1. Just by accessible area at a 1.4 angstrom probe, what is the order of Lys299, Lys20 from largest to smallest?
2. Any idea what log10 I(q)/I(0) is at q = 0.08, 0.09 Å⁻¹ for the chain, Debye with uniform C-alpha scatterers and no solvent?
3. Based on DSSP H assignment, which helices of the chain show an axial Cα extent of at least 18 Å together with a mean Kyte-Doolittle hydropathy greater than or equal to -0.5?
4. Mind checking the dipole of the chain: about its Cα centre, +1 per Lys or Arg Cβ, -1 per Asp or Glu Cβ, Debye to the nearest 20?
5. Please tell me the relative contact order of the chain in percent, rounded to the nearest whole number, where contacts are Cα pairs under 8 Å and at least six residues apart.
6. Taking a probe of 1.4 angstrom, what is the accessible area of Trp26 in Å², to the nearest 10?
7. If we sort 280-286, 242-248 on the protection proxy, mean other Cβ atoms within 10 Å, highest first, what's the order?
8. If the limit is 32 Å between Cα atoms, which of Lys120/Lys231; Lys20/Lys272; Lys74/Lys200 go over it?
Amino acid sequence: MPRRPCRGRRSMPAYTLFMKINMTEWMRSLIAGGRVAAVPIMTHPGIELIGRRVVDAVSDGRVHADAVKALAAKYPTAAATVIMDLTVEAEAFGADIVKEPDEVPAVRGHMLDGVADIKKLEVPSLRAGRVPEYIKASMLAAREITDRPVLSGCIGPFSLAGRLYDMSEIMMLIIESPEAARELLGKCTDFILKYCLALKEAGANGVVMAEPAAGLLSDDDCMEFSSVYVKRIVEAVQDDWFTVVLHNCGNTGQCTHAMAATGAAAYHFGNKCDMADVTRGVPPTALSMGNLDPVSLFKDATPDDMRRATFGLLEQMSGFHNFVISSGCDTPPHTPAANIDAFFDAVSEFNSRR
């Protein structure tokens, strides 16, 4: 039976024998290394690489881990990432999930219809829904990928609240009944925190927390209804051996300050923002990651266009030592391998000139 995780910042964690990557040192090495690291958020190409379907990977931790491993074996990513699935936690709470064979799962409708439903809502166990399979995927990937960090995934508190209450309705709730919104956010945070601790104990080196719905908020509202709760999770789980990467592809630049206030060790931005502009709002000791369009570039562009866009972003960000090039969000199913190859070829060629 594994022991409880060590919360100290400087000691080797006792909860797993196969994780030996000091993430603080890993990030420092990327910043000081002089070469641009590449960490696109992609697992779907790995599912296709092993001849399986999306529904297999989002339902079976072994298939999921095999897809992550296949991509790690093929591409020189600085870290391996799991699927960015924003339905796992909502399903655990009881939301109705649509799972098509070759599509990303989606929440159907919403399960909370008012303040009374929020009060009755119970925080689920980690045995609910597909949570055990996602913990299993992270555990297997962390055990079997030993040459780079493995980053798990989770949803952010405000984005989860929106999936449970309806996105339009949660925007009204924070105005009309902010205390009820805080109660819901507190319950979402309790579950996400519990989930992140389980992923940490399973051996993951960090977690990409997807909080895209917070990009709909002003900086002040993002601080009050997202960052406060994210910070609570960060303070409980992040240490030298486990990193929180805060992803907000909805941010157009208006809430970067609120994102940075969470204390996360890394920030991941979508293609809606100017990468140089948002990176100026990120602490120089934290990673700033992004932001090539996963659809119009990775999935739909030609390899030549992909290469040009990659070079363009690398040139734009050449003055930022904490920049890590990435997709702006999870690359979708049916992303052509030729475009991924063009991305990595461009990064390699750019780095060879430095």
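The values are calculated or read from the model by the stated rules, or taken from the named source; none is laboratory data. The structure displayed is predicted, hence computed values, not measured ones. Using ideal geometry, Cβ is built from the backbone for each residue, glycine included, and neighbour counts are taken over all protein chains shown. The protein model used for the area step is the full one, side chains on, heavy atoms only, and it has no ligands, DNA or RNA in it. Shrake-Rupley method; radii C 1.70, N 1.55, O 1.52, S 1.80 Å.
1. Details: Lys299 65, Lys20 150 Å².
Descending accessible area places them as Lys20, Lys299.
2. Treating every Cα as an identical point scatterer, log10 I(q)/I(0) equals -0.35, -0.44.
3. On the way: long enough: 61-74 (20 Å, 0.13); 131-144 (20 Å, 0.05); 178-202 (35 Å, 0.17); 303-316 (20 Å, -0.83); 337-352 (22 Å, 0.33).
Helices meeting the criterion: 61-74, 131-144, 178-202, 337-352.
4. On the way: 36 positive and 44 negative charges, 313 e Å.
So the magnitude is around 1500 debye.
5. Values: 737 pairs, mean separation 70.6, N = 354.
Relative contact order of the chain: 20 percent.
6. 40
7. Details: 280-286: 14.7, 242-248: 28.0.
Per-residue mean Cβ counts within 10 Å order the peptides as 242-248, 280-286.
8. Over 32 Å apart, Cα to Cα: Lys20/Lys272.
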